[in-house]
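The next block holds one structure in the form of structure tokens; read it before the comments.
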Amino acid sequence: MRVRNDFRKSYDQLLDFLKKETVPYEYRTTVIKGWHDVHDVKKMAEYLGCIDHYYLQNFVSRSGVLDPNFVGESFSGEELEEMRGVAEKFVGMCGVRG
């Protein structure tokens, strides 16, 4: 996926701020089967680096999502644990939700 340079620069500034400041935060990624895989999670965690609290949030299909025509699939608990184990090598702590 290509990311515009101006967006990437702003995003990098936000991450730098979070890593330097004493403001409590957590970083979350909603993972969707068919959109993400273990390799994607590894690349995201490498990019995020030494953030303190990172959570992989399983996609849950239900009414009320922004696009009612969107159909996504959830990962199994085992798949999420595999992703968590990979991500935790790069971040301070990685948990799973959903």
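Using helices alone, what [θ] at 222 nm do you get for the chain, with -39,500 (n - 2.57) per DSSP H run of 4 or more residues, divided over all residues and rounded to the nearest 500?
-12000 deg cm²/dmol
Please work out how many pairs of lysine residues in the chain are eight or more positions apart (or on different chains) and have Cα atoms closer than 21 angstrom.
Number of lysine pairs found: 12.
Just want to confirm a number: the relative contact order over the chain, from Cα pairs under 8 angstrom separated by 6+ residues, in percent.
Details: 122 pairs, mean separation 32.4, N = 98.
Reported as a whole number, the value is 33 percent.
Per residue Cα convex hull volume for the chain, in cubic angstrom?
About 121 Å³ per residue, rounded to a whole number.
Which residues does the label zone of D12 cover in segment 46-89, counting backbone N under 15 Å from a point 7 Å along Cα→Cβ?
47-49
Counting only residues 5 or more places away or on other chains, whose amide H sits under 5 Å from the amide H of N58 once H atoms are built in the peptide plane?
The answer is V31, R97, G98.
Only residues of segment 15-54 count here: report those whose backbone N is under 13 Å from the spot 7 Å along Cα→Cβ of L66, or say none.
Under cut-off, by backbone N: 30.
Every number in this text was worked out from the coordinates using simple rules, so none of it is lab data. What you see is a predicted model, and the numbers here were worked out from it, not measured in a lab. Here the Cβ is made from the backbone with ideal geometry for all residues, glycine too, and neighbour counts use every protein chain on show.
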